[in-house]
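**Q** First the structure, then my questions, so here it is.
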Amino acid sequence: MFGLILVGWILIFVNALRAQDITFPNETTNTNFGQHVQLTNESTSCPLNMKLYYNEEEDNQFCDCDLGFIYYPPNNSCYLPYRKGPCSSRKYLILGQDEAVARCKKNPCLTDGLVMFNGTCHELGKSGTVCNASKILGVHNDAYSIGCIEITFPNRNIISAPLRACRPGTRRVANGTCRTIL
């Protein structure tokens, strides 16, 4: 009986050793598809709120903040400005005018998501209170300042199909917006 158990343990041990023979691509492995780079290894993914960019001129890739986020060097990640992010309680992350590095600053409204605008505290992302209905209170991506931002919806069309030919005398013909059939 003892011999049978010993043989069983040996078989389990040998199979466990064989399972360690799995190979993975190294960290620098990537596959080029024309002008795009596809990473084949999870370990080369970008930190929080970053996207991988490819520089054709230098033939290299790098991680940088996604649109609307600012870089915080102490933890190598990106966060939304005027939000708590990596900062301690009652503070938010800002990128001051003419500053290159984001820093934590006391939030005068003391609550994450609320910002001072026109002398009073307002919630980011809201419309109607301080901004008109077609705008929201948000952060401008160019200067990271707070203001009323126009609400835009991205065009989600995958294919722009041509319209049918227009009948003479229609508004589209007069406006020059009639598309020809391909």
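The values are calculated or read from the model by the stated rules, or taken from the named source; none is laboratory data. As the structure is a prediction and not an experimental result, all values here were calculated from the model. Here Cβ is always computed from backbone atoms with ideal geometry, including for glycine, and neighbour counts include all displayed protein chains.
**Q** Would you mind stating whether ASP66 is on the phi > 0 side of the Ramachandran plot and of a type in the set (Asp, Glu)?
**A** It is false that ASP66 is on the phi > 0 side of the Ramachandran plot and of a type in the set (Asp, Glu).
**Q** While we're looking at this one, here's another question. For the range 120-133, enumerate the residues that are assigned to a loop (DSSP other than H, G, I, E, B) and under 19 Å from LEU93 (Cα atoms). Give the derivation first.
**A** Kept after step one, since they are assigned to a loop (DSSP other than H, G, I, E, B), are these residues of the range 120-133: 124-133.
Selection gives LEU124, GLY125.
Residues are listed down the side, and each one gets a yes or a no for (1) assigned to a strand (DSSP E or B); (2) at pLDDT 50 or above; (3) surrounded by 10 or more Cβ atoms within 10 Å (Cβ to Cβ):
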{"site": "ILE5", "(1), (2), (3)": "no, no, no"}
{"site": "LEU17", "(1), (2), (3)": "no, no, no"}
{"site": "PRO25", "(1), (2), (3)": "no, no, yes"}
{"site": "VAL37", "(1), (2), (3)": "yes, no, yes"}
{"site": "PRO47", "(1), (2), (3)": "no, yes, yes"}
{"site": "GLU58", "(1), (2), (3)": "no, yes, no"}
{"site": "GLY68", "(1), (2), (3)": "no, yes, yes"}
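**Q** Okay, moving on. Considering only the range 87-98, state which residues are assigned to a loop (DSSP other than H, G, I, E, B), surrounded by 11 or more Cβ atoms within 10 Å (Cβ to Cβ) and without any contact (Cβ under 8 Å) to a residue 24 or more places away in the chain.
**A** Of everything in the range 87-98, those that are assigned to a loop (DSSP other than H, G, I, E, B), surrounded by 11 or more Cβ atoms within 10 Å (Cβ to Cβ) and without any contact (Cβ under 8 Å) to a residue 24 or more places away in the chain turn out to be CYS87, ARG90, GLY96.
**Q** Separate question: What number goes with the only condition from (1) surrounded by 10 or more Cβ atoms within 10 Å (Cβ to Cβ); (2) in a loop (DSSP other than H, G, I, E, B); (3) modelled with pLDDT under 75; (4) not charged (D, E, K, R) that THR180 does not pass?
**A** (1)
**Q** Follow-up. Considering only residues that are of a type in the set (Gly, Ala, Ser), over 19 Å from LEU110 (Cα atoms) and surrounded by fewer than 14 Cβ atoms within 10 Å (Cβ to Cβ), which ones fall in the range 120-146?
**A** GLY128, ALA133, SER134, ALA143
**Q** Can you name the residue in the range 99-119 that is in contact with a strand residue (DSSP E or B) (Cβ under 6 Å, 6 or more places away or on another chain) and not in a loop (DSSP other than H, G, I, E, B) and, of all such residues, is surrounded by the most Cβ atoms within 10 Å (Cβ to Cβ)?
**A** Of everything passing the filter in the range 99-119, VAL115 is surrounded by the most Cβ atoms within 10 Å (Cβ to Cβ).
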